[in-house]
Amino acid sequence: MTETAVLPQRTPQEPSAPRRKGGLLAGLLRTARPRQWVKNILVVAAPAAAGQLFSRHALTQLALVFVLFTACAAAVYLVNDARDAEADRAHPTKRHRPVAAGQVAVPVAYAVGGCLGLLAPAAAAWLCSPAVAALLTAYLGMQLAYCVSLKHVLVVDLAVVTTGFLMRAMIGGLALGIPLSRWFLITTGFGALFMVSAKRYSEAVQMAGNAGATRALLTEYTTGYLRFVWQLAAGVAVLGYCLWAMEEGGVPHTSVLPWRQLSMVAFILAVLRYAVFADRGTAGEPEDVVLRDRALALIGLVWVAMYGLAVANW
């Protein structure tokens, strides 16, 4: 009786070992969040704004910076998922993450994340510049502090995530030695805060009354406060962009149409369209909102075209 009871428990485990082993790389890749790598396209923002995007040197440096920033972000995701494995198992969606599901062991996630976190800044110092290496190191330190404790501190958690977006936008300029204008920093910073706070607001709305929510800080924010933050951030971002668009900066107007001023229309429409999802409480990951809504994607393409024509002064 005892032997027959034990045998059925052992036999299913025998073939499962190779499947886990073969899925480790896939699990690590999933933990690195490939869908969120689109955020790192922000590294081209400063060079694009300065009209210094299409030289061979610029493209090479930006491609390298994109890879290095992606490696740093992957390191943070791996460490974060390793730390939150137990909590993620109680979440209806996050329990399917590879570390929480057991596809990637917690020590492996820590080891791979640590290696990426050490190699990326070292490669930046060798292949780019000390400024790029310093910014990547600061990003890693800030994000790891966020994983450990800062994500539990009211308001500071919003500031840290927003700063991560701002660092992405700054690093391309640092890699190419391009000065960063005040309007660029204001618009990018508050635009990032708008999306981050809209995402938090949506999470708070969806998790309201759910005792199994893993982001405990959401219970300390009120939806009214988060709504105030994303509305304030949207307003400042729009104001900063409009001030940039209306400022000629001493450059003679030689283009066919005033593309700088016209691009305000597309920018404001994009913010208003994104605010629809924020107001509904459905503004999740920014890249998901942009890619899934055709109208928003079209407005974004129109804005990119106008912005490019303005920078090129055509």
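None of the figures in this text is laboratory data; all of them are computed from the coordinates on show. These numbers come from a predicted model, not from an experiment. For neighbour counting, all protein chains shown are included, and Cβ atoms are generated from backbone atoms with ideal geometry for every residue, glycine included.
Once you order the gyration tensor axes a ≥ b ≥ c over the Cα atoms, which shape class does the stretch 17-180 get: rounded for a/c under 1.5, otherwise prolate or oblate by comparing a/b with b/c? The shape class here is prolate. Look at Lys151, Lys199 and count the other Cβ atoms within 10 Å of each Cβ; fewest to most, that gives Lys151, Lys199. For the chain, a Gaussian network of Cα nodes joined below 10 Å ranks Tyr201, Tyr225, Tyr139 by mean-square fluctuation, and the top entry is Tyr225. Of all the options Ala111, Ala204, Ala75, the one that moves most in a Gaussian network model of the chain with Cα springs shorter than 10 angstrom is Ala111. Of all complete DSSP H helices in the chain, those with a Cα span along the helix axis of 15 Å or greater and a mean Kyte-Doolittle hydropathy of -1.0 or more are 56-83, 106-127, 130-148, 156-176, 182-206, 223-246, 259-280, 294-312.
Just want the ordering: Asp81, Asp88, Asp293, from fewest to most Cβ atoms lying within 10 Å of their own Cβ.
Values: Asp81 25, Asp88 19, Asp293 16.
The most exposed by this proxy come first: Asp293, Asp88, Asp81.
Note on mean projected area of the Cα convex hull in nm²: of the candidates (1) 17.8; (2) 19.6; (3) 16.5, the value calculated from this structure sits at (2).
Kindly identify the stretch 181-314 as rounded, prolate or oblate by the Cα gyration tensor criterion: order the square roots of the eigenvalues as a ≥ b ≥ c, call it rounded if a/c is under 1.5, otherwise compare a/b with b/c, prolate if a/b is larger, else oblate. Intermediate values should be presented prior to the final figure.
Working: a/c = 3.51, a/b = 2.21, b/c = 1.59.
Here the stretch 181-314 falls in the prolate category.
Here Trp126, Trp244, Trp230 are placed in order of increasing Cβ neighbour count within 10 Å, fewest first, which gives Trp126, Trp244, Trp230.
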